[in-house]
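Chemist: Could you have a look at this structure, given as structure tokens, before my questions?
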Amino acid sequence: MKRLQLQRWSGSVLSAQARTGGRLQQRLYTAIRHQSTASPAAPAGHDQLIREQPQAPSIRPSRPSQSRYNLPSPPVEAARESAKLASLHARLYLPSRLPLETLARSLVDASADPDPNFNNESLATLGHDLLTQYTSEYLVCTYPRLPLTVVFAAMYAYVGPKTLAAMAKEWGVESVAAPGGEVDPGYLQFRRLPPGAEVNPELITGTERPHEEETHWRKSVTSRVVYDNEYGDPVKAGVPPSELPEREAKNNNLGVSHEQASSTFVHALMGAVYLHAGRPAAKRFFEQHFLSRHLNISDLFNFSSPARDLARLCARENFDAPVARIISETGRKSRSPVFVVGIYSGADKLGEGAGASLLEARFRACVASLKGWYLYSPLNVRVPSSMEEEGAAPWKPVHVDLGEVII
Amino acid sequence: MAHCIAAPKRPLVALPFLLPSPCESIALALRRNQSSYRRTKQRLRVKPDASFGSSLTHTQEDHIVHNPPSSAPSVYLTPTKFLPSGDIRRNLRLASVKNNDAEALPPVVRAPSEKKYHLTPSDIREIRRLRATDPMMWSRLKLAKHFECSPIFISLVCETSPQKKEIQKRVLEAVQSRWGSKRRMAREDRQLRKDAWGRDE
Amino acid sequence: MRPSLRLLNLEVPSLQGSRALYVCSGCRQEARPRPIAARQFLRHASNADSLSERVRRKIWGTDNPPGEKDPYGGQGVLERKFSKQQPPKQEEVAEQPEEVEDLTLTDASYEPATTWAGLERVGHLNRWNDYPRSEADTYESFAVKTKHNQKGPLSLAAHQAAVEICLMHALNKPLVSVCDVTEHEKPIFDMIYECKIQPNGEWSKALEYPNKRTQDTLAYIFEQIGAQPAAPAAEETAEDLVEASELEENGEIADEPASDSQDAPFFGYQDVQDEGFLSLPLTDAVTKFAYLKRFSQLSGHYFPDPIMQQISTVKQAVAYAQGELNKKPKKLAEYLAEDQRLLSLPNVKIFDKRRTTLHRDDEMGRKKIIEAALRARGLL
């Protein structure tokens, strides 16, 4: 059974973990800016290797193998010679319409080859959008009552960078020691971080959130939808196109972490499948590789005062006030008693829990009741993107809940 | 199951295999092995539990035995009350489950206290005044006893002075400083266990 | 106060004062020092009694057990061996101090050397490696220097060996003496080349000369080979060949190969004229030995004993030399490179050379970093 890395818990007990989640979002912004400026030429701030490339080359001119050392990434024709690439293609059961050349391109990170015509940045932007869309609509439609923090955590567990890096590792994608034109195109190519570099900066600055310098201010969960990325983490703001070259040059010197490069590769592969094989194949790829991973969403919850939450919930929904009742007990006066307590609203049982004390059993029963509420899943779930297919049945609105209990 | 194991006490004549046959009389060890083996087999032939399906009535039919071990219900099984009104499962379950009376419900853990709502705004002003004038004397518990309300309500109404908070903090530190390593570890463990409740571990 | 059971007090006093390690009850047994049980059979050097003596004492329970000192007929093998070894050891121990004393007495000005400079040279004091090469030092190969592998030279060698052995048979001389002359001069070889062999099974009558003069000349030459030491024989043959070459210049042998192929083996001849020698039998042990010896001398091929057992005709000897009897196995990569099914697979690559770390470094991009680092240090 595949086990996801459950790094995140809802609730206020755990401190927010600092992660590098913002790069993709920033890439997203920059790519949008690219399109708006509508100039395919490479920016002027790139290094010399790029300058000697012709402006907007459709295909890199083929050179003798001696000069492969001068290229930042392997030439296009090397993709057909690589056994690693072919076996990766076969191992992932990728559609045959996805050519090896595109698979090779999706393995080239922007830190290895800054030329946007040869790196996977554009593919990754597309794939990132697809992945987050598919995952979020699956989560929201399957569990319509999930609290937003749990949705963030589940998103991070399904398509977070750590998960994607683990997937790339499971797929058998190895990485180069240093990028270059002579390397096998079947390797993941990126420039590594210099030794001793800070991988996870504690505090991300330069976000779009107003008053971000006031760290002690309360950040509402809803504002994280607006200002933060899909995992609810702060993200760097996009840069205006005039400052783009300097930013790019600075980033290129730095290199990226292995985790980040792996997740960019998986994003790019998703985008490549979508581009070459179409939407149904991309959805199939998503279901087979991402949704098939087992994630126990009930483990993502963390309650600090479930009894209060449950009372508020019952009041909101016009249920009878919850009452804890002892269903069974054993060894009350002994060293290790067991109580089974059920939470009842009127005559209906909402949940039950067992514990070594009445307090614990009641607490656990409240947690179980709340999870029973939050983990409601309608029958025959359909996601909105299923309407994109030909001959889909008419759309029935999905269940929309009032939202989580706010005290 | 104990009665099943003790049950087979039958006359020897009814168990012909226990009698030594002429050919087996030489191999004493073999005979003893065989008899013990058969006795074990015999004891293993227990009557199936009643929950395994009524095989007496439907002897000829194939049936599925569903006898799960007793465990807490899954959290993915939404309680009927929590199902939205449009969900089809709600009607299905309501049809299948027979109605329970309120008397059949198990006993409550703690009787729910009836809320009285007897305090007036003047009472609340009085509470605040008392707490502000003499915080040492009028603690939360004393105020709650005096006004016949819960300490939580007192904390909702007013807040104590920072000096009192400081003193309380020092008292707590003084008490905690006298704890040994065992008591400290036990208290920490208790808090960790309590945190684990919320994560359902 | 009784110490806590959960804390393990190490017996060895540590330098940082008393240190109490927390060790769980499972690991505590392992952390303890080794039990005494393993040391029970240790013998100390101080107790001089043999094992059997100690056993006797233990059995009787006294230090002076009754009965014979050793009822089993003296010392055992091991004990005797040890007792033999021990006295010289003691002598050495005794002698060493004396030597040290002698040294200190005689050499008062003794200084231990710190470097090798100025020390007396130990070993062959006459500087053997500075001497010029003597006759004994030079090595001359028995066989020809180049090993022939093609069919033509091998056939030529086999033919020459067959003709020579036939000649020796005819002359009734020791067969092995043909090996005294490694290579004949060109005119003689021409004459040998001209000779044919009738496959009639008799070594002495198989030879067929092109003309009478050749027969006489060859008989004259090979008459001399066995009788005299090798070097004069070679000289004489050289003299003879002057005459012979003069004779040939006069006329009979027309198809002479180009003169620039003097250095080439077998004087530039490519292949034999007739194949009759191939059917000659190698059943006689003396003939077989002589023939194979001469053939291996001419061709440079060594015949191992099992192969020599198998060979019964000249043809088999030539076949072995050509590598037909036990062919060199083909490389796996060559087989795989011909497999069309493998070649059509995109995820399979076939290399004829072993893939080393260098290749892997290159395709992972590590090689250029290594080379740059070596260049920066001036090592490349």
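Chemist: For A:ARG335, state whether it is part of a helix (DSSP H, G or I), of a type in the set (Lys, Arg) and more than 9 Å from chain B (Cβ to nearest Cβ). Give the derivation first.
Modeler: On the way: part of a helix (DSSP H, G or I): no; of a type in the set (Lys, Arg): yes; more than 9 Å from chain B (Cβ to nearest Cβ): yes.
Criteria not met by A:ARG335.
Chemist: Only one of these conditions is not met by A:PHE290: (1) assigned to a loop (DSSP other than H, G, I, E, B); (2) closer than 30 Å to A:LEU94 by Cα. Which number is it?
Modeler: Here A:PHE290 clears every test but (1).
Chemist: Another question, then. Tell me whether the stretch A:300-312 contains one or more residues that are within 9 Å of another protein chain (Cβ to nearest Cβ), surrounded by fewer than 17 Cβ atoms within 10 Å (Cβ to Cβ) and outside any loop (DSSP other than H, G, I, E, B).
Modeler: Within the stretch A:300-312, none of the residues are within 9 Å of another protein chain (Cβ to nearest Cβ), surrounded by fewer than 17 Cβ atoms within 10 Å (Cβ to Cβ) and outside any loop (DSSP other than H, G, I, E, B).
Chemist: Restricting the stretch B:157-185 to residues that are modelled with pLDDT of 90 or more and aliphatic (A, V, I, L, M), which is surrounded by the most Cβ atoms within 10 Å (Cβ to Cβ)?
Modeler: Checking each candidate, the answer is B:ILE167.
Chemist: For A:VAL273, all conditions in the list (1) of a type in the set (Val, Ile, Thr); (2) outside any helix (DSSP H, G or I); (3) buried (at least 23 other Cβ atoms within 10 Å of the Cβ) hold save one; what is the number of the exception?
Modeler: Only one criterion is unmet by A:VAL273, namely (2).
Chemist: Would you say C:ALA372 is under 30 Å from C:LYS147 (Cβ atoms) and not basic (Lys, Arg)?
Modeler: Considered against the rule, which asks whether it is under 30 Å from C:LYS147 (Cβ atoms) and not basic (Lys, Arg), C:ALA372 comes out as no.
Chemist: Here's a check for you: in the stretch A:136-189, which residue that is among the aromatic types (Phe, Trp, Tyr) and within 20 Å of the chain's Cα centre (by Cα) is farthest from A:LEU71 (Cα to Cα)?
Modeler: Step one: list which residues in the stretch A:136-189 are among the aromatic types (Phe, Trp, Tyr), which gives A:138, A:143, A:152, A:156, A:158, A:171, A:187.
Then keep just the ones that are within 20 Å of the chain's Cα centre (by Cα); that gives A:138, A:143, A:152, A:156, A:158, A:171.
On the way: A:TYR138: 42, A:TYR143: 49, A:PHE152: 40, A:TYR156: 36, A:TYR158: 36, A:TRP171: 27 Å.
Of everything passing the filter in the stretch A:136-189, A:TYR143 is farthest from A:LEU71 (Cα to Cα).
Chemist: Further question on the same structure: Quickly run through the stretch A:376-391 and pick out the residues that are farther than 21 Å from B:ILE88 by Cβ and outside any loop (DSSP other than H, G, I, E, B).
Modeler: Correct list: A:PRO384, A:SER385, A:MET387, A:GLU388.
Chemist: In addition: Can you pull out the residues in the stretch A:276-287 that are part of a helix (DSSP H, G or I) and out of contact with any Asp or Glu (no Cβ under 8 Å at 6 or more places or on another chain)?
Modeler: A:HIS276, A:ALA277, A:ALA281, A:ALA282, A:LYS283, A:ARG284, A:PHE285, A:PHE286, A:GLU287
Conditions (1) surrounded by 16 or more Cβ atoms within 10 Å (Cβ to Cβ); (2) under 30 Å from C:VAL163 (Cα atoms); (3) within 14 Å of chain A (Cβ to nearest Cβ); (4) among the β-branched types (Val, Ile, Thr), marked per residue:
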{"residue": "C:HIS301", "(1), (2), (3), (4)": "yes, yes, no, no"}
{"residue": "C:ASP305", "(1), (2), (3), (4)": "no, yes, no, no"}
{"residue": "C:ALA317", "(1), (2), (3), (4)": "yes, yes, no, no"}
{"residue": "C:GLN322", "(1), (2), (3), (4)": "yes, yes, no, no"}
{"residue": "C:LEU343", "(1), (2), (3), (4)": "no, no, yes, no"}
{"residue": "C:ASN347", "(1), (2), (3), (4)": "no, no, yes, no"}
{"residue": "C:LYS368", "(1), (2), (3), (4)": "yes, no, yes, no"}
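Chemist: Would you confirm, using the coordinates I've provided, whether A:ALA178 is within 14 Å of chain C (Cβ to nearest Cβ), in a helix (DSSP H, G or I) and either free of Cβ contacts under 8 Å to residues at least 40 places away in the same chain or touching a Ser or Thr at 6+ places or on another chain (Cβ under 9 Å) (or both)?
Modeler: Considered against the rule, which asks whether it is within 14 Å of chain C (Cβ to nearest Cβ), in a helix (DSSP H, G or I) and either free of Cβ contacts under 8 Å to residues at least 40 places away in the same chain or touching a Ser or Thr at 6+ places or on another chain (Cβ under 9 Å) (or both), A:ALA178 comes out as no.
Chemist: Follow-up. Output the number of the condition that A:TRP373 fails; it satisfies all remaining conditions of (1) over 24 Å from A:CYS141 (Cβ atoms); (2) part of a helix (DSSP H, G or I); (3) hydrophobic (A, V, I, L, M, F, W, C); (4) within 10 Å of chain B (Cβ to nearest Cβ).
Modeler: (1) is the only condition that A:TRP373 fails.
Chemist: I'm trying to understand the selection: among the residues of the stretch A:345-387, which are touching a residue at least 60 places away in the same chain (Cβ under 8 Å) and in contact with a Lys or Arg (Cβ under 6 Å, 6 or more places away or on another chain)?
Modeler: Listed by number, the residues that qualify are A:TYR374, A:TYR376.
Chemist: Among the candidates B:SER113, B:SER96, which residue alone is at pLDDT below 90 and under 14 Å from B:CYS149 (Cα atoms)?
Modeler: B:SER113
Chemist: Here is a further query. Taking only the stretch C:176-217 into account, find how many residues are buried (at least 22 other Cβ atoms within 10 Å of the Cβ) and within 17 Å of C:THR283 (Cα to Cα).
Modeler: Adding up the residues that qualify gives 2.
Chemist: I'd like to check something: does the stretch A:155-173 contain any residue that is in contact with a strand residue (DSSP E or B) (Cβ under 7 Å, 6 or more places away or on another chain), within 14 Å of chain C (Cβ to nearest Cβ), touching a residue at least 60 places away in the same chain (Cβ under 8 Å) and not acidic (Asp, Glu)?
Modeler: yes
Chemist: With (1) within 30 Å of A:GLY160 (Cβ to Cβ); (2) more than 10 Å from chain B (Cβ to nearest Cβ); (3) of a type in the set (S, T, N, Q) as the list, and A:THR330 as the residue in question, which single condition is left unmet?
Modeler: Going through (1) within 30 Å of A:GLY160 (Cβ to Cβ); (2) more than 10 Å from chain B (Cβ to nearest Cβ); (3) of a type in the set (S, T, N, Q) one by one, A:THR330 breaks only (1).
Chemist: Looking at (1) more than 8 Å from every other protein chain (Cβ to nearest Cβ); (2) under 21 Å from A:LEU310 (Cβ atoms); (3) without any contact (Cβ under 8 Å) to a residue 40 or more places away in the chain, can you tell me which one A:LYS396 breaks?
Modeler: Going through the list (1) more than 8 Å from every other protein chain (Cβ to nearest Cβ); (2) under 21 Å from A:LEU310 (Cβ atoms); (3) without any contact (Cβ under 8 Å) to a residue 40 or more places away in the chain, A:LYS396 breaks only (2).
Chemist: Can you find, within the stretch B:99-109, the residue that is nearest to the other protein chains (Cβ to nearest Cβ) among those that are modelled with pLDDT under 85 and either part of a helix (DSSP H, G or I) or exposed (fewer than 10 other Cβ atoms within 10 Å of the Cβ) (or both)? Before the answer, list the steps.
Modeler: First, the residues of the stretch B:99-109 that are modelled with pLDDT under 85: B:99-104.
So of that shortlist, the ones also either part of a helix (DSSP H, G or I) or exposed (fewer than 10 other Cβ atoms within 10 Å of the Cβ) (or both) come out as B:99, B:101-104.
Details: B:ASN99: 8, B:ASP101: 8, B:ALA102: 6, B:GLU103: 10, B:ALA104: 9 Å.
The extreme case among them is B:ALA102.
Chemist: Okay, moving on. Restricting to helices (runs of 4 or more DSSP H) lying wholly in the stretch C:277-380: which have 3 or more residues that are under 26 Å from the mean Cα position of the chain (by Cα)?
Modeler: Answer list for the stretch C:277-380: C:285-299, C:305-310, C:314-321.
Chemist: If I filter the stretch A:339-370 down to residues being more than 8 Å from every other protein chain (Cβ to nearest Cβ) and part of a helix (DSSP H, G or I), which single residue comes out as surrounded by the most Cβ atoms within 10 Å (Cβ to Cβ)?
Modeler: A:ALA365
Chemist: I'm trying to understand the selection: among the residues of the stretch B:53-88, which are of a type in the set (A, V, I, L, M) and modelled with pLDDT under 85?
Modeler: B:LEU56, B:ILE64, B:VAL65, B:ALA72, listed by residue number.
Chemist: For the stretch A:93-121, which residues satisfy the criterion of being away from every other protein chain (no Cβ under 12 Å), under 17 Å from A:ALA281 (Cα atoms) and surrounded by fewer than 19 Cβ atoms within 10 Å (Cβ to Cβ)?
Modeler: The answer is A:TYR93, A:PRO95, A:ARG97.
The values are calculated or read from the model by the stated rules, or taken from the named source; none is laboratory data. All values reported here derive from a predicted model rather than from experimental measurement. Note that each Cβ is placed from the backbone with ideal geometry, even for glycine, and that neighbours are counted across all protein chains shown.
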